[in-house]
Amino acid sequence: MTETHPKVPMAGVALTAIGVAVIRAKESVRTDRLYDDPFAQLFVDAARDAYREVEGGLERWARLEEVADMFFEGRTVGVRLVDDRVAEAVEQGIRQIVLIGAGLDTRAFRLALPADIRVFEIDLPELFAFKEPILAAAHAKPRCDRAVLAIDLREDWAKLLREHGFRPDLPTHWVDEGVLGYLTHEHALHVVTTLTELSAPGSRFGVSRFAVDEDARPYAELERLVRGDEGADRPRTDLGADARTWLDEHGWHTEFHSWDDMVAALDRPVASGDPDIGVVMAVREA
Ligand SMILES: C[S@@+](CC[C@H](N)C(=O)[O-])C[C@H]1O[C@@H](n2cnc3c(N)ncnc32)[C@H](O)[C@@H]1O
């Protein structure tokens, strides 16, 4: 391994962030790209180099790329939809963005965000131990204020957020792009309860409603990569089907947007044909 990437996640949930970087790198070189993430390839190259150094690493890397490919079409469109939601929030005057389970996301660097925006990235310490040295080696400069919170979402991240200057009296745009699904229902609910308490009126949050067939090959392969073979017995996680009801009962105004409506303009073959798949979009009421 080189000095710029001393700790690459090779197992566990932080590894999933590398898979999404593989997806963003692949999207970024397309002529019809939906977004351009110039840092994704840096993360991918650094991770691949590190995997090469360990026994069985190349075979593991090949599996990681294979799984990323299986998820590519839907996931890459998802990145663009989140980009659009962030831009919309900024346009509406929101100045705080919190990415829970930020992974190797680089929106603070790659989106045209005004300088007075504050982006808070929350993820596990092992993730940032990989991410930050690579951004530093690339002399990457965020377009806005960026705070890195290396903490497990099962711990007291609200306190850390405040210590980093988060203002609960200002509206916030919260982004969950694939982390709640890695938490048990109890922990996911705790995260959403906490962010609800921190949300001033006008804050925004979205909860995806997917049809996840955990026995389908992409999900089964992802599980094995992240947790090893015992992962097959993992209990179902995230907020569950009643997320919208919970949000409605806790001071959020919700609207459901179907996936097929949201992707219609993007000219990619990702329609689900299922009107119940989509995102519950929530705005905090006064
Ligand atoms: C599928 S990745 C998505 C990353 C990023 N949102 C993206 O779209 O590229 C899930 C992320 O959740 C993070 N994560 C999982 N469990 C976590 C926890 N308990 N606390 C903090 N982060 C966690 C992982 O480290 C990983 O970066």
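Here Arg52 fits the description: without any contact (Cβ under 8 Å) to a residue 40 or more places away in the chain and touching a helix residue (DSSP H, G or I) at 6+ places or on another chain (Cβ under 8 Å). Residues of segment 242-273 that are of a type in the set (S, T, N, Q), farther than 17 Å from Val79 by Cα and open to solvent by less than 50 Å² (accessible area, probe 1.4 Å): Thr254 alone.
When Ala216 is tested against the conditions (1) at pLDDT 95 or above; (2) more than 21 Å from the chain's Cα centre (by Cα); (3) surrounded by fewer than 19 Cβ atoms within 10 Å (Cβ to Cβ), the lone failure is (1). hydroxyl-bearing (Ser, Thr, Tyr) and within 19 Å of Thr16 (Cα to Cα) - does that describe any residue in segment 190-202? Scanning segment 190-202 turns up no residue that is hydroxyl-bearing (Ser, Thr, Tyr) and within 19 Å of Thr16 (Cα to Cα). Checking each residue in segment 108-126 for being open to solvent by less than 40 Å² (accessible area, probe 1.4 Å), within 11 Å of the ligand (Cβ to nearest atom) and free of Cβ contacts under 8 Å to residues at least 60 places away in the same chain picks out Glu121, Ile122. Residues that are assigned to a helix (DSSP H, G or I), within 15 Å of Trp252 (Cβ to Cβ) and touching a Leu at 6+ places or on another chain (Cβ under 7 Å) within segment 183-208 comprise Leu189, Val191, Val192, listed in sequence order.
Give the residue, chosen from Gly178, Gly165, that is on the phi > 0 side of the Ramachandran plot and at pLDDT 95 or above. Step by step, each of Gly178, Gly165 is checked, and only Gly165 is on the phi > 0 side of the Ramachandran plot and at pLDDT 95 or above. Only one of the numbered conditions (1) within 16 Å of the ligand (Cβ to nearest atom); (2) crowded, with 17+ Cβ neighbours inside 10 Å is not met by Ala129, and that is (2). Of the residues screened, Trp174 is one that is touching a helix residue (DSSP H, G or I) at 6+ places or on another chain (Cβ under 7 Å) and either within 15 Å of the ligand (Cβ to nearest atom) or open to solvent by 10 Å² or more (accessible area, probe 1.4 Å) (or both).
Results for (1) exposed (fewer than 14 other Cβ atoms within 10 Å of the Cβ); (2) within 16 Å of the ligand (Cβ to nearest atom), shown as yes or no for each residue.
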site	(1), (2)
Asp32	yes, no
Phe39	no, yes
Phe43	no, yes
Glu53	yes, no
Gly57	no, no
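Applying the set (1) at pLDDT below 90; (2) over 22 Å from the mean Cα position of the chain (by Cα) to His253 leaves exactly one unmet item: (1). Among the conditions (1) touching a strand residue (DSSP E or B) at 6+ places or on another chain (Cβ under 8 Å); (2) open to solvent by less than 30 Å² (accessible area, probe 1.4 Å); (3) of a type in the set (A, V, I, L, M); (4) at pLDDT below 90, the only one that Val226 does not satisfy is (1). Considering only residues that are more than 9 Å from the ligand (Cβ to nearest atom) and more than 16 Å from Glu285 (Cβ to Cβ), look in segment 181-192 and name the one that is surrounded by the fewest Cβ atoms within 10 Å (Cβ to Cβ). Residue satisfying both the conditions and the ranking: Glu186. Listed conditions (1) more than 22 Å from Pro38 (Cα to Cα); (2) aromatic (Phe, Trp, Tyr); (3) within 12 Å of the ligand (Cβ to nearest atom) are all met by Phe166, apart from (3).
Applying the condition of being more than 21 Å from Asp32 (Cα to Cα) and within 12 Å of the ligand (Cβ to nearest atom) to segment 87-106 and asking which residue is surrounded by the most Cβ atoms within 10 Å (Cβ to Cβ) yields Leu104.
Scanning segment 236-250 for residues that are touching a Ser or Thr at 6+ places or on another chain (Cβ under 7 Å) and at pLDDT below 80 returns a single hit, Thr237. Examine segment 6-17 for a residue that is open to solvent by 50 Å² or more (accessible area, probe 1.4 Å) and either touching a strand residue (DSSP E or B) at 6+ places or on another chain (Cβ under 9 Å) or away from the ligand (no atom under 12 Å from the Cβ) (or both), and state whether such a residue exists. The answer is yes; a qualifying residue exists.
The values are calculated or read from the model by the stated rules, or taken from the named source; none is laboratory data. In this text, all values refer to a predicted model and were calculated from it rather than measured experimentally. Neighbour counts run over all protein chains shown; Cβ positions are idealised from the backbone, glycine included. Only protein heavy atoms, including side chains, enter the accessible area calculation; ligands, DNA and RNA are left aside. Shrake-Rupley method; radii C 1.70, N 1.55, O 1.52, S 1.80 Å.
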